[in-house]
Structure formats: structure tokens, C-alpha cells
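Notes for the one structure printed next.
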Amino acid sequence: MLTPLEPVIYAGSMSLPFELVENTRRTAPERLAEIFANPGFVDYFSDHMAVATWTKAEGWHDSKVEQYRPWPMTLGTAVFHYGQEIFEGLKFYRRADDTIWLFRPEANAQRLARSAQRLDLPVLPEADFLTSVRALGRADAAWVPSGGEMSYYLRPVMFADESFLGVRSAMRVTYAVVGGPAAPYFADGLTPVNIYVTTTYSRAGEGGTGAAKCGGNYASALLAQREGATYDCSQVLFTDAATHEYVEELGGMNFFAVTKDGCLITPPTSGTILEGITRDSILTLAPSLGLTCEVRPLSLSELFDRISAGEITEAFACGTAAVVTPIASLVQVVDGELARYSLAAPCGEATRAIRSQLIDIQWGRRDDMYGWMQKVEL
Ligand code: PLP
Ligand code: COI
């Protein structure tokens, strides 16, 4: 058996400072209020960004928080051609007492490191990831909205930032954290959405990049998503690439089905599915809500048959952006015929209980019994 290559790791021995550069500009409070009134899902980016550079010779260096601005790149930069890029997604939550919190940010740091290894990018140490995120929070605290389910969505990103057209791993890489205010990803977090099931397109295959959070996975899902939109579907449920018989995940969220007797079923992540932090959190907290969990392969035929028989009554999508979004129906087109499998209780008891337990922990309205929340010191 081949020994996997060692990932490119941190060449420096010091932790990275992410200090705010002097004399940056700040958006006026009146303009911020206008943005908060209709932020979309990060239609506006906040005043600052955290950045760091990695080169093969120097390792990670030149880390700082600076003005959010266009990034200077030529069109010959490798990321535009070969897509050596990874990213993360997490949120700042502003609580009623005006403190700002992160949810399991170390899990994002660890997933970014796993994605980096798969895309042959340099690993950013967990402590540096956490410093970068907190530093941006301190600089742009005014951009974290309050009220309803409004949050500030952070997007850490790492990419091949070197101009060359040979196919090889970059020797110059940029890491950045950008972000801005975000309303719930779907218009109203509790309105059930329709999901398009595809057995034509695949999101990931064995040995591929399905478990990594890399841009290519999302680009390859766009066509299926647009096809689904013609059937009024908001997301696509992908099946396994080998047989197209087993449920995997949605383009940007994990998938759960719920039986009428309170059992959550979700497929094992095993390499082709993104290891969602929300998914993991739901599996952890479900037993305290009297729900059982089955992490096992779920075939489309079992799913459709048990929905039709009234045994699977709820299903939901979950993720940082989607939180817990109830599913109204699964739509499939077979030989030109549209089949719709409607969930009997799309916004049922289990979906509601999980959703409120999770958001109550995130906004500090419930005991953080798992130690998931971290305060951002301002
Ligand atoms: N699956 C995909 C493909 C995603 O893009 C996301 C979103 O991050 C998830 C699942 C859910 O992951 P998490 O709960 O960590 O946000
Ligand atoms: C997230 O939930 O953080 C994602 O990256 C998913 C995307 C649909 C915004």
C-alpha cells in the first residue's frame, strides 16, 4: 500500500499575530443600519479582513487584519485555472447582552486542515485559525447584527495565489477571512423547502474531494441546482456516484430523515460527504430530546417507500448557513415523469425541537452543556 504524502505544514514556530493595521476606514452607523435591514446572505462584506501569506520558503507569515479591499491577482493565478482552493463557514452570534460568540470554531479549524491536506495546500494551525477569526470579530464587532436569526457569517478561504500555468501545487498561498451580516439562508428559516433528487449528476466519488470543503464541489453542483430550481426546488440531494441508490447529502447541507417514532437517519460521512459540524452537533444532542439516531446507508427506495407509507414523516437539511431547514418534499424526475414524495409533517416535532435546541444554545438562551460556545473578547 502507498504511504500518503506528508501534508505541507507550518514552517514557522511562532504563532501568527493578526493585528489590526492602523487608520482603517469604518462604515458609518447609519449605513450599517441600512445594511442590517436587508443583508441577504452576505450581500455586503464588513470593513476588514484577516490575511496571511504562505510561501514554500518562509511558511506562514505577514498575517494581519486590514481593510477589506480587492485582492491583487493576475488572471494567470493558478486558482482560476486549477481550482486549488478551500474554504470554511462559521458565524458570529450576538446575544441579548451584546456579547459575541462563536460555535465550535475549533471544528472548523480542524476541517480546514483536513481540506488543506486533500487539496495539497499548507495546513494552518488551529491556534492561528482561531486567532484570525477572533481578530476579525474584534475589528468588525459593529457589523454583527442582532435580532431574529441574524448573524455575521465568516468565510475563511485559502487558495493558490501564484501566477503560473503548470499543473502543480502552488508555492505561494493566501489565507483570508472575510464575511458580513447574514439573514437566514432560506427566506424564513422555518418555511419547508422542496429538494430535487438527482441520480444523473454526482457530487463526489470514492477517493475524490467530497469530504473536503473546496470550491470545485460547489461548482459541479450548480447545474443540478439550476435544473432543480425549474421544479421549484431550493437544493439538490445527491446520491452515491457508484450506484446512485444511496442518499449522500445536499449541495451545501447534510441530510436527515426522521421516522414517526422519533428516529433520525443520516448516512455515514465515510469520505464522500462533508463532515458537517451541525450534523455532528445534532447527533450529539438528539438523545437529550428523546430522539434516537441511526447513522447508516439510506437507500432512495427505503426513503421514498417509507415516506409514502407514512413511516418517515419529517426530513431536514442542516448546516451553518441553513441551520435546520425543514423539507416539504423530495422531487425526482424519472423518464420525464415527475414524482413527488411529500413529508407528512414537514415542520414536525423533532425538526422543531432540534432546531430550537441548537439555536438556543448558539444565542445563549439555553445551557451550553457541551461546551460548544466561545466568547469573542472585544
Ligand atoms: N455539506 C456541505 C456540502 C456543505 O457545504 C455544508 C456547509 O458547510 C454542510 C454539509 C454542513 O456543514 P456545517 O454544518 O459544518 O456547516
Ligand atoms: C455553510 O453552511 O457554511 C456553507 O458553506 C453552505 C453554503 C450553502 C453557504
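The values are calculated or read from the model by the stated rules, or taken from the named source; none is laboratory data. What you see is a predicted model, and the numbers here were worked out from it, not measured in a lab. So basically every Cβ, Gly included, is an ideal-geometry build from the backbone, and we count neighbours across all protein chains shown. Protein only, heavy atoms only, side chains kept; ligands, DNA and RNA dropped before computing areas. Shrake-Rupley method; radii C 1.70, N 1.55, O 1.52, S 1.80 Å.
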* Structure fact -> Expressed in angstrom, Rg and Dmax over the Cα atoms of the chain are 21.1, 64
* Asked: Quick one: how many Å² of CYS293 are accessible to a 1.4 Å probe, rounded to 10?
  -> 50
* Structure fact -> One can check that the equivalent ellipsoid of region 193-362, built from the alpha-carbon gyration tensor with semi-axes equal to the square roots of five times its eigenvalues, has lengths in Å, largest first, of 23, 19, 15
* To do: Output ³J(HN,Hα) for region 45-57: one whole-Hz value per residue in order, computed from phi by the Karplus curve 6.51 cos²θ - 1.76 cosθ + 1.60 with θ = phi - 60°, and x for Gly and Pro.
  => 9, 6, 5, 10, 8, 9, 9, 8, 10, 10, 10, 4, 6
* Lys, Arg +1 and Asp, Glu -1 on Cβ, resulting dipole of the chain about Cα centre, debye, nearest 20 -> 520
* Structure fact -> Packing-ranked peptide list from 368-374, 248-254, 194-200, highest mean Cβ count within 10 angstrom first, is 248-254, 194-200, 368-374
* Mind checking which aspartates and glutamates have their Cα closer than 20 Å to the Cα of LYS375? Skip sequence neighbours fewer than 8 apart in that chain. => GLU19, GLU88, ASP97, ASP98, GLU106, GLU126, ASP128, ASP140, GLU149, ASP360, ASP367
* Asked: Can you tell which of LEU75, PRO17, MET49 lies farthest toward the positive end of the dipole of region 1-139, using +1 and -1 charges on the Cβ of basic and acidic side chains (Lys, Arg; Asp, Glu)?
  -> MET49
* Accessible surface of THR24 in the full protein assembly, 1.4 angstrom probe, to the nearest 10 Å²? -> 30
* Asked: Tell me, what HN-Hα J-couplings in whole Hz come from the Karplus equation 6.51 cos²θ - 1.76 cosθ + 1.60 at θ = phi - 60° for each residue of region 274-286, using x for Gly and Pro?
  -> 5, 7, x, 6, 5, 4, 4, 5, 5, 4, 6, 8, 4
* Structure fact -> Of the listed pairs LYS91/LYS213; LYS91/LYS260; LYS213/LYS260, those with alpha carbons more than 23 Å apart are LYS91/LYS260; LYS213/LYS260
* For region 193-362, size of Cβ-based charge dipole, Lys and Arg +1, Asp and Glu -1, in debye -> 400
* Farthest toward positive dipole pole in the chain [+1 Lys/Arg, -1 Asp/Glu at C-beta], among ALA139, THR351, LEU303 -> ALA139
* To do: Report the charge-dipole magnitude of region 11-140 in Debye, nearest 20, computed about the Cα centre from +1 at each Lys and Arg Cβ and -1 at each Asp and Glu Cβ.
  => 240
* **SER163 - accessible surface, heavy atoms, 1.4 Å probe, Å² rounded to 10** => 70
* Quick one: compute the contact order of region 282-346, relative version, from alpha carbon pairs under 8 angstrom and 6+ residues apart, as a percent. => 26
* Geometric extent, Cα atoms of region 170-217 - Rg, Dmax (angstrom) -> 16.5, 46
* Structure fact -> Note on region 193-362, DSSP bridge orientation, antiparallel percent to nearest 5 equals 65
* Sparsely packed GluC sites (Glu not before Pro) within region 18-49, loop by DSSP, other Cβ within 10 Å at most 14 -> GLU22
* Structure fact -> chymotrypsin sites (Phe, Trp or Tyr not before Pro) in region 213-247 lying in a DSSP loop, each with at most 16 other Cβ atoms within 10 Å of its Cβ, come to TYR231
* Label region 243-314 by shape, choosing from rounded, prolate and oblate, from the square roots a ≥ b ≥ c of the eigenvalues of the Cα gyration tensor; if a/c is under 1.5 it is rounded, and otherwise prolate applies when a/b is larger than b/c, oblate when it is not. => oblate
* To do: Only bridges with both residues in the chain count here: give the DSSP antiparallel percent, nearest 5.
  => 80
* **Cα shape, region 19-182, gyration tensor, a/c 1.5 rule** => prolate
* Asked: Which longest run of the chain has no exposed loop site in it, a site being trypsin sites (Lys or Arg not before Pro) in a DSSP loop with at most 13 other beta carbons within 10 Å, and the site itself not part of the run?
  -> 169-364
* Asked: What are the lysines whose alpha-carbon lies under 18 Å from the alpha-carbon of LYS56, with same-chain residues fewer than 8 places away excluded?
  -> none
* Measure out, as a whole number of angstrom, how far apart the alpha-carbon centroids of region 129-205 and region 320-339 sit. => 23
* Select from THR99, THR272, MET373 the residue farthest towards the positive end of the dipole of the chain; place +1 on Cβ of Lys and Arg, -1 on Cβ of Asp and Glu, and compute about the Cα centre. => THR99
